[in-house]
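Trainee: Below is the structure I would like to discuss, written out as C-alpha cells.
Derivation of every value follows stated rules applied to the coordinates shown; laboratory data play no part. Since the structure is predicted, the reported quantities are computational estimates derived from the model, not experimental observations.
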Amino acid sequence: MGAHPHGVGSGTPKSQTKHRHEFGDTSGKRAASLPHPSVARMGHPGGISARPPIYPSSMPTQDELKLLAAKRALDFIQPGMVVGLGSGSTATLFIKLLGEKVQQGLKIRGIASSEDSAKLGASLGIPVIDFTEATETDVTVDGADEVAPGLALIKGGGGKLLREKIVASASKKFIIVADSSKVVKKLGKFKLPIEVIPMAEPLVSERLKGLGYPSSIRQAKDGSGNYITDEGNLILDCDPTQIDDPAALAAQLDTMVGVVEHGLFLDMADLVLVAGEDTVTEYTPETKF
C-alpha cells in the first residue's frame, strides 16, 4: 500500500503538522530514506552485520523485540542533546537504556511526556527539565499502538496522549520504537483514545456515536473507578473501527468542544524503528508498506 510522502492525506489539521528536518543517524551515517524499508542489525546501524541471529533457538518474544527497537534508538542520541522521554512499555525500556548511558557519563537532558517517565528518568540519573528550560527536543523517542502508511499513528493506550503529543510537537526528530505487531495497513484495530473534560463526557460520547465511533470510559487497572489522566481528565476509548480517512476524523475531533486531545498522531513521526526477529527495520513517511 502506498504512503503519502508527507503523511496520511493532505487535510491534516495545521495543529498536527510540524516542520520536518533532514533525518540523520547520529553515529555519522544518515538514516535510510528509501521507498522501501532499510534493515539494520543491532550494533551496526548502517547496514547488515555478519553476526548470527541473536535468537538462534526460538522466535523472540514481544518484550525482546521491544528491547531490540529501544536499543537501536540509542544510536540517534548524541552528547548535549535534549531528549524527549516517551511513555509506555517500549519507551520505558528506552529510558532505562538511556539511564545506563547517563550513568556511564553521557551528558543529556530529558523532557518527559508523563509523570511516570519523569520519575523513572530522574531515578536513573537523567536530568529532567521542562519547556521553561528548553522549548524543543533534539530527539524524542516514544512508542505507538499502531503504525500505518505515512507513519500515521494511534497512541495513547497508556493514557498519556496529551503530554505525548505536546512533546512530539516540540521535537526536531520524532522517533517511534515498536515491534512488528504494531504495523497495520489502516488504523483502527486498536481502540482510538480521546481525552475529554469530565463535564463534557456525555456530550462527546454522543457525538462520537453519531460519527460511527461508539466509546466507553476507560477504567483504572486497579479497579478503583474511572482512569484519570495526569491532567485530571477522562479518556474515552472508541470501539475498534477501521479509520478510512484519519485526517478527516482528526479535523472533526479537533473542533469538538470538550475534547482535550486525541490519539491520532498524523504528520508527526520522522522515523519508526520496527523490531522483527533479529533485525530492526526503519520506516520513513515515504515507505511503502
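Trainee: Enumerate the aspartates and glutamates that residue 172 could reach by cross-link, defined here as Cα to Cα under 15 Å, with residues fewer than 8 away along the same chain left out.
Mentor: 22, 25, 136, 138, 142, 164, 267, 270
Trainee: What pairs in 182/288; 71/186; 119/191; 71/191; 155/186 have C-alpha atoms more than 18 Å from each other?
Mentor: Table pairs above 18 Å Cα-Cα are 71/186; 119/191; 71/191.
Trainee: Write down the Å³ per residue value for the convex hull defined by the alpha carbon atoms of the stretch 188-289.
Mentor: Convex hull volume per residue, Cα atoms: 146 Å³.
Trainee: May I pose another question? Which three lengths, in whole Å and largest first, does the stretch 214-271 cover when its Cα atoms are put on their principal axes?
Mentor: The Cα atoms of the stretch 214-271 stretch 36, 26, 25 Å along the principal axes, largest first.
Trainee: Shifting gears a bit: Could you work out how much longer the chain between residue 181 and residue 277 gets when fully extended? Use 0.36 nm per residue separation minus the Cα distance between them, nm to one decimal.
Mentor: Additional length available on full extension: 33.4 nm.
Trainee: Give the share of C-alpha pairs in each 10 angstrom bin for the stretch 95-160, from 0 to the last occupied bin, in whole percents, shortest bins first.
Mentor: Computed distribution, short to long bins: 19, 44, 30, 7.
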